[in-house]
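Asker: If you scroll down you'll find the structure; I have some questions about it.
The values are calculated or read from the model by the stated rules, or taken from the named source; none is laboratory data. Note that the coordinates shown come from a computational prediction; the quantities given were computed from them, not determined experimentally. All Cβ positions, glycine included, derive from the backbone under ideal geometry; neighbour counts span all protein chains shown. Ligands, DNA and RNA are excluded from the accessible area calculation, which covers all protein heavy atoms including side chains. Shrake-Rupley method; radii C 1.70, N 1.55, O 1.52, S 1.80 Å.
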Amino acid sequence: QLNKNKENVIIDFGCGKSYLTFAMYYYLKEVKGYPVRIIGLDLKEDVICHCSDLAVRYGYEKLSFTCGDIASYEGVDHVDMVVTLHACDLATDYALEKAVGWGAKVILSVPCCQHELNKQMKSDNLSILTRYGIVKERTAALMTDAIRGNLLTESGYRTQLLEFVDLSHTPKNLLIRAVRSMIPASAKKQARAEVDAIEKEFGLQPTLDTLLHGK
């Protein structure tokens, strides 16, 4: 989905020590020859300083790092691809909302620590899913990402939820892959209806839905 005839802006939200960011830059620019500008964003100033020094040392002129918060980031006016690897809990929602707002062509997001819905969910009809702590926790995590997937579909993205590494390496192995596409109105409507139904059944108010629709 990236254009070889113009610069592609890519943001890695919550980049941390940026192993992925550097590998992505090397692969896309050095190996594949894409004209890319990659920005890494993280809250930890010492980590950002270290990554910035490494980028200079390697001569990666189109790789930069910024210290800041995802929700308030306004460093660019358009982005072609948004990446998040283990952006914790609501940080993933803020990153997805930013991506949708920019109309990013590609979103690759690996969530973790999905706590929000676990605190909210309750159901009379399906109390079997909320009675046992571990079942509730895992159900809430899966529901969180399923809702995120549907909200991206509603927003005009062809969305898949994939296992991207083997479970034996990490339990945080679910990848949300979304590509901006022409989504039929009927598919958007169904995605919305499914979100409404699960929110009603379990008394949920997911942050991403609030960010996208002001609910």
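Asker: Using beta carbons and a limit of 7 Å, which pairs, at least six apart or on different chains, have the first residue in the stretch 87-100 and touching a residue at least 12 places away in the same chain (Cβ under 8 Å) and the second one of a type in the set (S, T, N, Q) and open to solvent by 30 Å² or more (accessible area, probe 1.4 Å)?
Answerer: ASP89/GLN114
Asker: Still on this structure: Of all helices (runs of 4 or more DSSP H) completely enclosed by the stretch 7-125, which ones contain at least 1 residues that are open to solvent by less than 20 Å² (accessible area, probe 1.4 Å) and under 26 Å from LEU204 (Cβ atoms)?
Answerer: Per the criteria, 90-102, 116-120.
Asker: So, in the stretch 23-47, how many residues would count as being more than 24 Å from ASN5 (Cβ to Cβ) and either basic (Lys, Arg) or more than 20 Å from the chain's Cα centre (by Cα) (or both)?
Answerer: 4
Asker: Being among the hydroxyl-bearing types (Ser, Thr, Tyr) and under 20 Å from THR84 (Cβ atoms): is that true of SER155 here?
Answerer: Yes.
Asker: For LEU175, work out the one condition from (1) touching a strand residue (DSSP E or B) at 6+ places or on another chain (Cβ under 7 Å); (2) over 18 Å from VAL82 (Cβ atoms) it doesn't fulfil.
Answerer: LEU175 satisfies all of (1) touching a strand residue (DSSP E or B) at 6+ places or on another chain (Cβ under 7 Å); (2) over 18 Å from VAL82 (Cβ atoms) except (2).
Asker: Just to be sure I understand the filter: pairs with C-beta atoms under 6 Å, separated by 6 or more residues or on different chains, first member in the stretch 1-26 and within 19 Å of GLY68 (Cβ to Cβ) and touching a residue at least 24 places away in the same chain (Cβ under 8 Å), second member among the small types (Gly, Ala, Ser) and open to solvent by less than 80 Å² (accessible area, probe 1.4 Å). Which pairs pass?
Answerer: Note: pairs meeting the criteria are ASP12/GLY40; PHE13/ALA87; PHE13/ALA95; GLY14/ALA87; GLY14/ALA91; CYS15/GLY40; SER18/GLY40; THR21/GLY40.
Asker: Take ALA187 and tell me if it is assigned to a helix (DSSP H, G or I) and at pLDDT 95 or above.
Answerer: Yes: the conditions hold for ALA187.
Condition check ((1) more than 20 Å from the chain's Cα centre (by Cα); (2) more than 24 Å from VAL110 (Cα to Cα); (3) touching a residue at least 60 places away in the same chain (Cβ under 8 Å)) across all residues:
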{"position": "PRO184", "(1), (2), (3)": "yes, yes, no"}
{"position": "GLU194", "(1), (2), (3)": "yes, no, no"}
{"position": "LYS200", "(1), (2), (3)": "yes, yes, no"}
{"position": "GLY203", "(1), (2), (3)": "yes, yes, yes"}
{"position": "THR207", "(1), (2), (3)": "no, no, yes"}
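Asker: Identify the single condition in (1) in a loop (DSSP other than H, G, I, E, B); (2) touching a Gly at 6+ places or on another chain (Cβ under 9 Å); (3) exposed (fewer than 14 other Cβ atoms within 10 Å of the Cβ) that VAL165 does not satisfy, given that it satisfies every other one.
Answerer: (2)
Asker: Those residues that are open to solvent by 50 Å² or more (accessible area, probe 1.4 Å) and without any contact (Cβ under 8 Å) to a residue 24 or more places away in the chain, I need them from the stretch 148-162; list them, please.
Answerer: Hits for the stretch 148-162 are GLN160, LEU161, LEU162.
Asker: While we're looking at this one, here's another question. Taking the residues in the stretch 168-184 that are farther than 18 Å from ALA141 by Cα and at pLDDT 95 or above as candidates, determine which candidate is surrounded by the fewest Cβ atoms within 10 Å (Cβ to Cβ).
Answerer: MET182
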